[in-house]
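Peer 1: After the structure tokens below, expect a handful of questions from me.
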Amino acid sequence: MTSSRGHSDPSRAFRVVETIVVMAMRTLLAPLTSGSTYRRGVHLLLGGVVALPYVLLALAFVQMYRNGSSLVVIALLLAVAAVIAGAPAFLRATRTLEIAAARLLLGVDVPDVPGERIAPETRLRGALWFAVHLVAGGGVMLALLIAMPLAFVFILAQLGIGEETLDGFQVGPLDGDDTVWLSLLGLAMLVALGYVVAGLGALAAMMAPVLMGPSPDERIAALEAEADQLAERNRLARELHDSVGHALTVTTLQAAAARELLDSDPEFVRRALSAVEETGRAAMADLDHVLGLLREDGRADTAQARKLTDLDRLIDDVRAGGTDVAADVTGPVAQMPAVVSREGFRIVQEGLTNATRHAGGAPVSVHVEVGSTTLAIDVVNPVRGDASAGPGTPRQGGRGLAGMRERVALLGGRMSAGQNDGMWKVSVRLPLGGRRGRSGA
Amino acid sequence: MITVAIVDDEELVRTGLRAIIDAQPDLEVVGEAADGAEAVPLVRRLRPDVVLMDVRMPAVDGIQATRHLRSTMDAPPAVLVVTTFENDDYVYEALRAGAGGFLLKRARPAEVAEAVRVVARGDSILFPAALQRLVQTHGGGRPDRRALADAGLTEREEEVLRLMATGLSNAEIAEKLVLGQETVKTHVGNVLAKLGARDRTQAVIAAYESGFIVPAR
């Protein structure tokens, strides 16, 4: 109540100044009190520890030089030592350790490099990181090794312990008798080191993702893999929507019809109920299947997805099922973008499935041609009247074609499917340029 | 009696629709086909008043079949598109190809019967709200603003077109505008002729697509 009124209240002004000073102190001291500084310091020191053998090695060479060993021998040994000492920088295990250390101690997110192989450029960046880590760590360790004992020796000397160690000591104008000043100097060194570690640590945290993260090419590859996975999931989701939506429609319709005819046609009602039961059961099986696929790790999906190079096996399987397949495959099938190759395989597979289902054993011809810019796929089979459109035939054909059309469009390709002169022909053209179509879709 | 043919590649859908339609005293199913290619000769032979047409079918789909029937027959039947999914590109294409309306396969029996009657009469559009949604989703990509400007509709005809889009029949429009039914019929005929539309549904789609009628959001 006493001091809360008026602008000229001195205690109020004092409190403002006090607050400002406290805040400034906090900001100034933040790097020294923050846990991350110490964790980053540990990271740097680890680099220093790893640098020790290198320092010893260098010392050995200096010693040899001083002892007057032959320069040729020294040069030879230096070359061998450089290879052996340089190797760890490029090792995969070193990379893994460095990434783990950066994540845990620097507290930064280093994105994984996708895939099994590491590009040479990424390896080189990792080696650079290793070298910088060792040099910076070595420096910090050296500074710590000097500042730490100094500070303690001076403080202890001031308390009268071990004063004799300072006999004849001289730093600029100070000598062994100025223990107060020297203690302060030691402490100042420690504090300064704290700021240096904080600064170096922040720099390391900034550079770690740059030097150890994936290269632009690897990022693109990762994004592509992700896009593939999404497209696959979308396809499955759409299939699920189609098949379950379709089953529910049939069930609803049959139930509605059964209700209309409940009194007048018990036989129809019996059939309708059995259709409802069967459709529900089949839809449930579809649901199980597709949800199972969606739950699986997406990466496994892509890895298992077969490509056009697996075409022979597919055709053999279909032939084993009793369908005559005339296949003609030309061009460098193995050297095309994986996305296109997978889609190509799926198209032939669906084409063959539809052909065997609707043409029931009639010969199918498959034509695959890998050109310089385009992949051409044609699947042709004779149409066998309407015998295929019986009640037992699910309408997979139509749904499959719609899905195929969408995927072809996604890859920037064209597709036609239709009947001509008693022949059913599915014809697809996919550009081999890869990414172009996707970005436009 | 309104005669009906059912075209759908799935037998369970055909039997369901047949049972529902045959249960109505004024409707009768006279034939079934499993595919668009079979449908054309069947319709030519049986001359039903209404064809219930599935859109997605193997070989010849409902759009092609509809277009073929509407363009090659002297007095083509009204086509009622039946569909599993409401928001379907194919349905919209079928309507543009001359189908008189569309119906969800999951519709209640009474709705199915009423839809058949409405397209058979052909004097009002079916499910105006659903049609509007469909145009909103699928018709945006092809603004054809000139079509209506060039048509040169009179003020009265424009008024009639707006009421057609709300699903009113000729009789209802006559009542609303205080005109004779014959007069309204003449106006409707003029609208269709000026727009080059074969039926009311096509005229209403053109009205939406050209921006003449702005769909309420």
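The values are calculated or read from the model by the stated rules, or taken from the named source; none is laboratory data. As the structure is a computational prediction, the values presented were derived from the model and not from experiment. Counting neighbours? That spans all protein chains shown, and the Cβs are built from the backbone with ideal geometry, glycine included. Each accessible area value is taken on the protein alone, full model and side chains, heavy atoms only, with ligands, DNA and RNA left out. Shrake-Rupley method; radii C 1.70, N 1.55, O 1.52, S 1.80 Å.
Peer 1: Assuming 0.36 nm per residue, please report the length gained on full extension of the stretch residue A:255 to residue A:309 beyond their Cα-Cα distance.
Peer 2: 14.7 nm
Peer 1: In addition: Quick one: order B:74, B:8, A:288 from most to least accessible surface, probe 1.4 Å.
Peer 2: The ranking, largest first, comes out as B:74, A:288, B:8.
Peer 1: Would you work out what percent of the accessible area of the protein assembly as shown, with all protein chains in place, is carbon or sulfur (probe 1.4 Å)?
Peer 2: Carbon and sulfur together cover 60 percent of it.
Peer 1: On average, how many beta carbons from a partner chain sit within 10 Å of the beta carbon of a residue in B:103-109?
Peer 2: Neighbouring Cβ atoms belonging to other protein chains average 4 per residue here.
Peer 1: At residue A:222 and residue A:238, where each label point lies 7 Å from the Cα along Cα→Cβ, what is the point-to-point distance in nanometres?
Peer 2: 2.8 nm
Peer 1: Determine how large the accessible area of residue B:137 is when every protein chain is in place; take a 1.4 Å probe and give Å² rounded to the nearest 10.
Peer 2: 80 Å²
Peer 1: Just the accessible area per residue of segment B:142-209, please: how many Å² with a 1.4 Å probe?
Peer 2: 52 Å²
Peer 1: Also, I was wondering about something else. Only four residue types carry charge here, +1 at the Cβ of Lys and Arg and -1 at the Cβ of Asp and Glu. Report the dipole size of the protein assembly as shown about the Cα centre in Debye, rounded to the nearest 20.
Peer 2: 980 debye
Peer 1: Would you kindly find the accessible area of residue A:133, with a 1.4 Å probe and non-protein molecules such as ligands, DNA and RNA excluded, rounding to the nearest 10 Å²?
Peer 2: Spelled out: residue A:133, probe radius 1.4 Å, area about 20 Å².
Peer 1: Now, a different point. What distance in nm separates the simple spin-label points at residue A:367 and residue B:87, each placed 7 Å from Cα in the Cβ direction?
Peer 2: Calculated label separation equals 4.0 nm.
Peer 1: Shifting gears a bit: Spelling out what I want: for every residue of segment A:319-335, take phi, set θ = phi - 60°, compute 6.51 cos²θ - 1.76 cosθ + 1.60 (Karplus), and round to whole Hz; glycine and proline get x.
Peer 2: My calculation for segment A:319-335 gives 4, 4, x, x, 9, 7, 10, 9, 10, 9, 10, 10, x, x, 5, 6, 9 Hz in order.
Peer 1: Work out how much length residue A:421 to residue A:82 would gain on full extension: take 0.36 nm times their residue separation and subtract the Cα-Cα distance, in nm to one decimal.
Peer 2: Full extension of this stretch gives 114.5 nm more.
Peer 1: Report, as an integer, the average count of C-beta atoms from other chains found within 10 Å of each Cβ along A:244-254.
Peer 2: 6
Peer 1: Which order do the peptides A:248-258, A:32-42, A:193-203 come out in when sorted by mean C-beta neighbours inside 10 angstrom, highest first?
Peer 2: Top to bottom by mean Cβ count within 10 Å: A:248-258, A:193-203, A:32-42.
Peer 1: If you take the charge dipole of chain B about its Cα centre, with +1 on Lys and Arg Cβ and -1 on Asp and Glu Cβ, which of B:84, B:154, B:132 is farthest toward its positive end?
Peer 2: After comparing all options, I get B:154.
Peer 1: With every protein chain left in place and a probe of 1.4 Å, what is the accessible surface of residue B:96, to the nearest 10 Å²?
Peer 2: The accessible area of residue B:96 comes to roughly 90 Å².
Peer 1: Here's a follow-up. Residue by residue, what Karplus-based ³J(HN,Hα) values in Hz, rounded to whole numbers, does segment A:45-61 have, using 6.51, -1.76 and 1.60 with θ = phi - 60° and x for Gly and Pro?
Peer 2: Karplus values, whole Hz, x for Gly and Pro: 4, 4, x, x, 4, 5, 6, 3, x, 5, 4, 4, 4, 4, 4, 4, 5.
Peer 1: Along the positive direction of the dipole of the protein assembly as shown (beta-carbon charges: Lys, Arg +1; Asp, Glu -1; about the Cα centre), which of A:321, B:19, A:275 reaches farthest?
Peer 2: Ranked along the dipole, the leading option is A:321.
Peer 1: Please work out the FRET efficiency for the pair residue B:47 and residue B:149, using the Cβ-Cβ distance as r and a Förster radius of 60 Å; give the result to the nearest 0.05.
Peer 2: Efficiency for this residue pair is about 0.95.
Peer 1: Enumerate the calculated ³J(HN,Hα) couplings along segment A:141-153 in order (Karplus 6.51 cos²θ - 1.76 cosθ + 1.60, θ = phi - 60°), each rounded to whole Hz, writing x wherever the residue is Gly or Pro.
Peer 2: 5, 4, 4, 5, 5, 7, 5, 4, x, 4, 4, 6, 4
Peer 1: While we're on this one: Hey, can you grab everything whose amide H is under 5 Å from the amide H of residue B:103? Only 5+ residues off in sequence or another chain; H modelled, so Pro and N-termini drop out.
Peer 2: Sorted by chain and number, the residues that satisfy this are B:81, B:82, B:83.
Peer 1: Check residue B:60: other-chain or 5+ apart residues with amide H under 5 Å from its amide H, H built from backbone geometry?
Peer 2: So residue B:60 has HN proximity to B:36, B:37.
Peer 1: Given R₀ = 56 Å, FRET efficiency for residue A:248-residue A:210 by Cβ-Cβ distance, to 0.05?
Peer 2: The calculated FRET efficiency here is 0.60.
Peer 1: Treating cross-link reach as a plain straight distance, find the lysines whose alpha-carbon is under 22 Å from the alpha-carbon of residue B:185, omitting any fewer than eight places away in the same chain.
Peer 2: B:176, B:194
Peer 1: Then there's this: Can you list residues whose amide H is under 5 Å from residue A:364's amide H, if they're 5+ apart or on another chain and H is modeled 1.01 Å from N?
Peer 2: A:324, A:325, A:326
Peer 1: By how many nm would the segment from residue A:374 to residue A:14 lengthen if fully extended, with 0.36 nm per residue of separation less the alpha-carbon distance?
Peer 2: Length gained between residue A:374 and residue A:14: 121.6 nm.
Peer 1: If you don't mind, another one. Along the Cα→Cβ direction, 7 angstrom out, place labels at residue A:230 and residue A:22. What is the inter-label distance in nm?
Peer 2: With each label placed 7 Å out from Cα toward Cβ, I get 5.0 nm.
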